[in-house]
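The values are calculated or read from the model by the stated rules, or taken from the named source; none is laboratory data. Quantities reported herein were computed from a predicted structural model and do not represent experimental measurements. So basically every Cβ, Gly included, is an ideal-geometry build from the backbone, and we count neighbours across all protein chains shown.
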Amino acid sequence: MTTGTHTVQADERNQHIRININGELYPREKAVVSVFDSGFILGDGIWEGLRLHQGVIPFLDRHLARLWEGAKALDLDPGLSQAELKKRLYDTVDANGMESDVHIRLMVSRGIKSTPYQDPAMTVGGPTIVIIPEYKLPDPGMYDRGVRLYTVYVRRGYADVQDPRINSHSKLNCIFGCIQASKAGYDEALMLDPHGHVATCNSTHFFIVRGGEVWTSSGDYCLDGITRRNVINLCKANDIRVYERNFSVMQAYGAGEAFVTGTFAGLTPVSEIDGRIVGDGRTGDAGRLGGDGRIDDDGRISAASHAIDKGKAGPVTRQLQALYRQLIDSECGTGRQ
């Protein structure tokens, strides 16, 4: 088992999954694509990570809207409608008898090349669409110990080099960051923008809490993550001051709390950044927010909050974890749309 923000509990059922390739289901050991595929040759494609919860893929319309925007930017025709792709996703998880605790990797490449070359004109036929559903639960210990971040030399670049807002297969800068952080003994890379401000992590989005305010990056140099945006909206709806702004690593060092977000694990506390313990190493410093699941007027964490995600998560992080779980349940409670 590896460590990091995507550490999972091993599940034997994943050896028997069926994978969807262009509308056909294949057992895991026979699910292959051509060596001439654009995704393999060039990283020419886009992808989404999805979760299945209570038989429903939450926020699916938002994921597909982002996929289609990326496809348009790459001048890539998915070859089917969003409604047709939605049906294919659900047909795949239903064929696998899946209900919950499932992570889905949806990948769309430009398709097969007549020869290994980057020009899209060399593509023959339609796109390659792969759907891989796997039983994946985050390692529960991750919420207790928190994740450790390391600031790497690899930057999130300008949009005229490679727009970081596109969820493309070409993730080499993130991979470089991941390798550097791993070699240094950390779980995830903290990546800066070209101006030295905090941008994001190599596979998650980064938030800090200072004086009761929640800060995240300006968003100019990172993907507009679905979970990231949900957390920002939850803050606004629950009277938690939230800012998308430029801030430095030094300001992250001084934060009372920090956490990362992603479709896979939701909100995960950060315990350490570059060897600096976040907050007091246990509860953080969120300021007095009041109300259930927050800090009471006398400075104590309320019982409702203390029951949620003990360990490295501070009170604001715990509150947002609870609100996010409620949002997921509400989103899935209406059934498939």
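Considering only the range 122-152, state which residues are of a type in the set (A, V, I, L, M) and closer than 27 Å to Glu24 by Cβ.
Listed by number, the residues that qualify are Met122, Val124, Ile129, Val130, Ile131, Ile132.
Cβ-Cβ under 8 Å, sequence separation 6+ or interchain: first residue in the range 233-252 and touching a residue at least 12 places away in the same chain (Cβ under 8 Å), partner among the aromatic types (Phe, Trp, Tyr) and assigned to a helix (DSSP H, G or I). Which pairs?
Final answer for the pair search is Leu234/Tyr324.
Given the structure, is Asp101 closer than 30 Å to Phe259 by Cα and among the acidic types (Asp, Glu)?
Criteria met by Asp101.
Cβ-Cβ below 9 Å, separation at least six or inter-chain, first residue in the range 29-49 and under 21 Å from His103 (Cα atoms) and in the same structural domain as Lys113 (by TED's automatic domain parsing), second in a loop (DSSP other than H, G, I, E, B) and among the basic types (Lys, Arg): which pairs?
The qualifying pairs are Gly39/Arg110; Gly45/Arg110.
Which one of these does Ser100 not meet: (1) surrounded by fewer than 18 Cβ atoms within 10 Å (Cβ to Cβ); (2) in contact with a Ser or Thr (Cβ under 9 Å, 6 or more places away or on another chain)?
Failed condition: (2).
Within the range 190-206, take every residue that is without any contact (Cβ under 8 Å) to a residue 60 or more places away in the chain and out of contact with any Lys or Arg (no Cβ under 7 Å at 6 or more places or on another chain) and give me the one that is surrounded by the most Cβ atoms within 10 Å (Cβ to Cβ).
If we take residues in the range 190-206 being without any contact (Cβ under 8 Å) to a residue 60 or more places away in the chain and out of contact with any Lys or Arg (no Cβ under 7 Å at 6 or more places or on another chain), then Val198 is surrounded by the most Cβ atoms within 10 Å (Cβ to Cβ).
Is it true that Leu223 is buried (at least 23 other Cβ atoms within 10 Å of the Cβ) and aliphatic (A, V, I, L, M)?
no
Does the range 17-54 hold any residues that are among the polar types (S, T, N, Q), under 23 Å from the mean Cα position of the chain (by Cα) and not in a strand (DSSP E or B), and which are they?
Within the range 17-54, just Gln54 meets the criteria.
Considering only the range 69-100, how many residues are closer than 14 Å to Pro133 by Cα and in contact with a Lys or Arg (Cβ under 7 Å, 6 or more places away or on another chain)?
Counting residues in the range 69-100 that are closer than 14 Å to Pro133 by Cα and in contact with a Lys or Arg (Cβ under 7 Å, 6 or more places away or on another chain) gives 3.
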